[in-house]
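So the structure is just underneath, and the comments pick up after that.
Each value in this text was obtained by applying a stated rule to the coordinates, not by laboratory testing. Because the structure is a prediction, the values reported are computed rather than measured. No Cβ is skipped: glycine too gets one built from the backbone with ideal geometry, and neighbour counts run over all protein chains shown.
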Protein chains: 10
Amino acid sequence: MLFQVRMDVHLPHDLDPEARTELLAREKAYSQDLQRAGKWPHIWRIAGEYANISIFDVDSNDELHTLLSGLPLFPHMSIHVTPLATHPSDINA
Amino acid sequence: MLFQVRMDVHLPHDLDPEARTELLAREKAYSQDLQRAGKWPHIWRIAGEYANISIFDVDSNDELHTLLSGLPLFPHMSIHVTPLATHPSDINA
Amino acid sequence: MLFQVRMDVHLPHDLDPEARTELLAREKAYSQDLQRAGKWPHIWRIAGEYANISIFDVDSNDELHTLLSGLPLFPHMSIHVTPLATHPSDINA
Amino acid sequence: MLFQVRMDVHLPHDLDPEARTELLAREKAYSQDLQRAGKWPHIWRIAGEYANISIFDVDSNDELHTLLSGLPLFPHMSIHVTPLATHPSDINA
Amino acid sequence: MLFQVRMDVHLPHDLDPEARTELLAREKAYSQDLQRAGKWPHIWRIAGEYANISIFDVDSNDELHTLLSGLPLFPHMSIHVTPLATHPSDINA
Amino acid sequence: MLFQVRMDVHLPHDLDPEARTELLAREKAYSQDLQRAGKWPHIWRIAGEYANISIFDVDSNDELHTLLSGLPLFPHMSIHVTPLATHPSDINA
Amino acid sequence: MLFQVRMDVHLPHDLDPEARTELLAREKAYSQDLQRAGKWPHIWRIAGEYANISIFDVDSNDELHTLLSGLPLFPHMSIHVTPLATHPSDINA
Amino acid sequence: MLFQVRMDVHLPHDLDPEARTELLAREKAYSQDLQRAGKWPHIWRIAGEYANISIFDVDSNDELHTLLSGLPLFPHMSIHVTPLATHPSDINA
Amino acid sequence: MLFQVRMDVHLPHDLDPEARTELLAREKAYSQDLQRAGKWPHIWRIAGEYANISIFDVDSNDELHTLLSGLPLFPHMSIHVTPLATHPSDINA
Amino acid sequence: MLFQVRMDVHLPHDLDPEARTELLAREKAYSQDLQRAGKWPHIWRIAGEYANISIFDVDSNDELHTLLSGLPLFPHMSIHVTPLATHPSDINA
C-alpha cells in the first residue's frame, strides 16, 4: 500500500556542528535501511528546497507512522502524508 | 529528469455523457501511450479525490509542458509541477 | 485501518428537484449499507455546514478509494482524507 | 454532545529531557483519565505527524474548554475544535 | 451555550428578482423569530460585505445545526461556527 | 460603534513565572475596567484555544486602537479587527 | 474616520454589453458623487488588476456600509475593509 | 523600470471555438507588438499550466496598467504584479 | 508614481529597552523626513495591529526599495508593496 | 532550460555582525560567479522585501539543486522553484 510523503527539514540554527553531522548520518542510515527493505521505494529531493518527496510501501497506517516517527530528523521536520490508490489508467496495475 | 505532477480534474456538471465518455477514453489512451514510452513512469490516484500524483521523466521543461498541455483533459484540470532532483540518501542514485 | 474523511457537498443550484431527491436517497442508502457493513463506523454532521466528518475502516487505500468514488454525491463533493494510526495513549489500543 | 478536536504538538527544542519525560507522562495520565470517564471517546494519531484527531463528548463548550486548557501539553499545542451534530444518515442516531 | 457564526451570502446572479425578494423576506422573518425566541441574541452586518457575524444561544450542537440548516438562505451561504466558552475575565460571568 | 476583535495570545515559553502572573493580572484588571466602562461589552473564550472573540463599543477607530494597543498583553498577541454595522434584520436596531 | 477598502470586481462573462456599459456609468457617477462629498477621498487602481484600493472618510461603520452596499457594482465585487487609525509618526496628525 | 507579471488564463468552457481562435490570435499579436517595442522583454510559459510569467519594462505604474488592461484576454485572466528593483549583486547593474 | 505599502512590525521580545527606544526614535525621524520630502504622503496605523498602511510617491521601483530598505525597522518588518495606477473614476486625475 | 526561483532571506537576529558581513560577501561572490558563467542570467530585488526573483539557466534539475543548495545563504532562505517553458508568443523563441 503506497503513500506519498513530503518532508520539510527545519534544523535549529544553533545546532552543534558535530551533533548535526551525527544526526544526518543516522538519518541517512535509517533511510537506506528502509529503502533496502523495500519500505521506502522512492526518495527525491525537491529542487531548491531542504525537503523531499518520498513514496512509502507499507502494510498499514500504523506501520507508516512507526517508520516516520522513528526518523532521527522527525523532531525537526514537518511531514504530510497523502494516501495513494491504484490509478485506472496505470499500465502496470 | 523527473518531475512530480499533481493533476486535479474538474469536469463541468453539464458535460454531455457521450462527450464525457469519449474524452475520458482519449485521456486514458494518451496517458498509456506516454507510460509505455517511459515518459510517465508512475501514476497514482489520490485516495478519495478525482486527482492523481504522477512522476514524469522528460528531457526538458519544454517537453514536459508539451506532454501536459496535450492531455485531452488539460482544459479541465488544475496542474502543479514540482521539479525533482537526486536525493543524496537514494540507494539507487 | 482507519481514515478520517471530510466531505463538503456542493450541489449545483439548478439541479432538478426530483433528481436531487433521488440522488440524496441513493447517497443515504449507499452510506447506510457501508455503515451496516462496518466500513463506515462514524459519520457526523459539521454543525452549520453541508459537510460531514467520517471515519472509515478499510483494508487498504484502494478499498477506501473504491468506496468513496462510488458515492452517488462523489461528483458534487470535495473530499479530503487523513490516514489515522493508533495513538499511544489510547486506552483501547 | 460531540466535538472533533485536532491537536498539533510543538515542543521547544531546548526542553530539558527529564522535564519532557515527566510532561508527556502527565499528559498521558490526564488523557487516559478522561478516556475512562467517557469524556474523550476517541483519540487517533495522524499518520506521520506529531498530532492527533480526537472526539470529545461533553455537556457544554465550557466543559470542553476546561478539559482542553487543563491538558499538560496545552501551552505547547495548537488546537482547533469543530462542533459535530447528528448526521441524518447515521444508522445509530 | 454560545456560538459565533459567520455567514457569507452568495446569491446566484441569475436569480429571479421576485424569487429573490420572497427568499430574503423569508430569511428575515426566520431570523427575527429566532431573535425573539432568544436563540439568536446578536446579529451584525460586516461592514462592506454581504455577510454577518452572529451569536447563537442554544442547548446543543444539534439544535444549532437544525436552526442554521433551516435558514432559507442556507443553500446560498458559506457558514463557519466557532464554539464560545466563558472568559475568565468576563465581569458578567 | 461596534467592532469584533479576535485576539490570539502567544506567550514566550521562557517567560518568568512571576512576570507571567503579574502580566496576566494586569491584563485582567485592564479588561475589566473597560468592560465596566461599557467599552468592551462582550468577551468570550474560543473553546480549546488561548484566544478570545470580543466586541468593542467605541467612538472611533482611534479610540479602538488606543484601547487595544494599551493592553498589557498587546506585544504578545496577534489581533484582527472586523468593523460591524447594523444588520437590517436586527430586531433591536 | 478613515477606512481602507479594497474592491475586486468580478463581472459575469455573459453580462449584456449595454447593461454593462450602463452599470459602469452608474458606478462612476456614484463614486464621483461620493468623492465630491469628501466621503471617498482616494481611489487608486491596483496595477494589472480589475480592482481598486480606496480610502473612505465616514462618521461610522454604519455610514461606511450604507455607502459601500449602495455601489451599483456591489453584487459583483468582493470587498474587504481595514479600519485605520492615526499613526504616531504622521506629521499631519 | 521592471515588473514581474504572472498571468493565469481561465477561458469559459462554453466559449465559441471561432471566438476563441480569434481571441487568442489577437492576444498573440498584441503581445508580440509589445515585445517588439521593448515593453515586454520576457514571456515564459509556466510548465504544466495555462499561465505565464513575464517581465515588463515600462516608465510608470500607469503605463503598466494600460498595457495589461488592454490585453484581449484581460477579462479572462487573474494577474499579479511584483515590482522589481536592481539587485546589489547583479553584475549587469 | 504611487505605491501602497503595508508594514507589519515584529520586534524580538528580548530587545534591550534602551536599544528599542533608540530604534523607534530613529524610525520616527526617518519616516518624518520622508513625509516632509513628499515621498511618503500617507501613513496610517491599522487599528488593533502593530502595522501600518502607507502610500509612497517615488520615481521608480529602485527609489522605493532604497527608501524602504533604509528603514531602521526594516530587519524587523514584513513588507508588502502594491503598485497603484490612476483610477478612471478619480475626480482628481 | 530556465527556472524562475524566488528566494526569501531570513537572517537570525542574533547573527554576529562580522559573520554576517562575511556571509553576505561570500553570497555575493558565489552569485556573481554563476552570473558570469551564464547559469544565473537574471537577478532582481523584490521592491520592499529582503528577497529576490531570479532566472536560472541549467541543464537539469540536479544541476539547479546543486547550485541553489550551495548558496552560502541557503540555510537562511526559503526558496521556491517554478519550471519555465517556451511561450508560443515569444518572438525570440
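Here are a few things to note about the model shown:
- Axis-proximal residue, chain B, for the rotation superposing B on E (Cβ, Å): B:ASP14, 8
- Between helix C:17-36 and chain C: long-axis angle, C-alpha atoms, 0 to 90°, nearest 10: 20 degrees
- Cα-centre dipole for the protein assembly as shown with unit charges at Cβ (Lys and Arg positive, Asp and Glu negative), debye to 20: 0 debye
- Protection proxy ranking of G:80-93, I:47-60 - average other beta-carbon atoms within 10 Å, highest first: I:47-60, G:80-93
- Cα convex hull, the protein assembly as shown: 190 Å³ per residue, rounded to a whole number.
- For I:ASP8, net neighbour charge (Lys/Arg +1, Asp/Glu -1) across residues whose Cβ lies under 15 Å away: -3
- Helix-only CD estimate at 222 nm, as mean residue ellipticity for chain E, using -39500 (n - 2.57) per DSSP H run (n ≥ 4): -10000 deg cm²/dmol
- Set E:LYS28/G:LYS28; A:LYS39/J:LYS39; A:LYS28/D:LYS28; G:LYS28/H:LYS28; G:LYS39/I:LYS39; D:LYS39/F:LYS39 screened for pairs whose C-alpha atoms are more than 30 Å apart: E:LYS28/G:LYS28; A:LYS39/J:LYS39; A:LYS28/D:LYS28; G:LYS28/H:LYS28; D:LYS39/F:LYS39
- Normalised size of chain G, defined as Cα radius of gyration per 2.2 N^0.38 Å with N residues, equals 1.17.
- Inter-chain Cβ neighbour count for H:70-79, averaged per residue, equals 2 (cutoff 10 Å, partner chain atoms only).
- Unit charges on C-beta of K, R, D, E only; dipole of the range B:2-84, Debye: 240 debye
- Here's the picture: charge each Lys and Arg Cβ at +1 and each Asp and Glu Cβ at -1 in the range H:35-93, and of H:TYR50, H:LEU84, H:SER60 the one pushed furthest to the positive end of that dipole is H:TYR50.
- Using the Cβ-Cβ distance between J:LEU11 and F:ASP8 with R0 set to 25 Å, the FRET efficiency works out to roughly 0.45.
- Taking other residues whose beta carbon is less than 12 angstrom from the beta carbon of G:SER89, and scoring Lys, Arg as +1 and Asp, Glu as -1, yields +1.
- Spacing of the modelled spin labels on D:THR21 and E:GLU22, each 7 Å from Cα toward Cβ, amounts to 7.3 nm.
- The local environment of G:ALA19, defined by Cβ-Cβ distances under 14 Å, has a net charge of -4 under the rule Lys, Arg +1 and Asp, Glu -1.
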